[in-house]
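Only the coordinates and a few stated rules stand behind these numbers; no lab work does. For clarity, every value in this text was computed on a predicted model and none was experimentally measured. Note: ideal-geometry Cβ built from the backbone for every residue, glycine included; neighbour counts use all protein chains shown.
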């Protein structure tokens, strides 16, 4: 017990960063139970420590991690009750909650039994964790934390404050925003950095080589710990998940052929389909869906992408393959729009993406600086979204502007 308390105190003392993720200001910390769900490395732990450090009564707050060896011999419920009753702690931040079996039931018990308690927990973005959190739906308020937007990357790197805007606002004022923002920063230089090394907050902790090592560690831990623990996958089968990611990195995104994937990896069709679904649920891949209902997600998808451009660049480099600018552009748009909860679909016919904004359907055609309107001519509410472009023009929006949506 003493080690748990000391570890918490030392972590809070060592916390240096004052930079806050977009989600921090959106969380209502007055709620009695709060869940923060997201990939490894996106900043869940930092948000919890920042919250604890801002409390005026440090003797009543404690940070715990559910994968501490202490919990191999002691239950979470008994530990929280003892810290509450004997030591006077009232605010508990519990990290890596998905590492502890039956966590939702035990949190439900302490929530109901202990008056004046506040619990903030964090966990994997897996739907298995979300399902457990659903059992707490009457008690817990859940928040999804995504990787850094381009806007946040610029703020963290340059120390300036830049406002986000909605997709509707972007389409209404893209010329104005492109001038305002590009006058303050070297936008194209920073955007190029972001595509390779800016999605995870640990870019602040070292060189690009260090960043790649941390990303490798995050991917390995996600596969060999999170996927293994949450899905009861046999150890000898876990390398298949890395092989699937490598397979996706080596081909252009398109309508995935599960038979081809299964054949390539030597897996049964049902196994390959199940493994792809796990990668989706753990947020290592994302789907661009057709604007239709029914069918399994993988069968309904028009394209399957890796989760973000940093992972795509890293895996391409590991495989000795050249980057595909077209894929990275599409992935950036998909990532940033889905992260701000905007519905985006594969365009049926001309254009790359279909957005539904209130009563309007918007078509986006993605390309390099020299892309023309040929593929979307005579389509209403259609825009070119162009890379290597700093200032917007009529119906031509710089690609990087979509990085200011959250």
- line: Log entry: pair-distance distribution for segment 152-404, C-alpha pairs binned every 10 Å from zero, whole % per bin is 6, 29, 35, 22, 8, 1
task: At q = 0.15 Å⁻¹, what is the base-10 log of I(q)/I(0) for segment 263-406 according to the Debye formula with one equal point scatterer per Cα and no solvent? Please give it to two decimals.
output: -0.84
message: With a cut-off of 8 Å between alpha carbons and a minimum separation of six or more residues, what is the relative contact order of segment 356-406 in percent?
response: 29 percent
message: Could you sort the peptides 366-372, 233-239 by per-residue average Cβ neighbour count (10 Å cutoff), highest mean leading?
response: 366-372, 233-239
message: Which of 250, 122 has the fewest other C-beta atoms within 10 Å, and how do the rest follow up to the most?
response: 250, 122
field: Residue order, fewest to most surrounding Cβ atoms within 10 angstrom, among 143, 98
entry: 143, 98
- line: Listing 151, 85 by rising number of other beta-carbon atoms within 10 angstrom, fewest first, gives 85, 151
- prompt: Remind me, relative contact order of the chain in percent, using alpha carbon pairs under 8 angstrom and six or more residues apart?
  reply: 15 percent
field: Among 268, 302, 346, residue whose mean-square fluctuation peaks in a GNM of the chain (springs only between Cα atoms under 10 Å)
entry: 268
statement: Highest mean packing first, using Cβ neighbours within 10 angstrom, the peptides 315-322, 396-403, 358-365, 384-391 sort as 396-403, 384-391, 358-365, 315-322
message: Can you order the peptides 102-115, 28-41 by their average number of other Cβ atoms within 10 Å per residue, highest first?
response: 28-41, 102-115
- request: Please identify, among 60, 18, 309, the residue showing maximal mean-square fluctuation in a Gaussian network model of the chain using a 10 angstrom Cα cutoff.
  value: 18
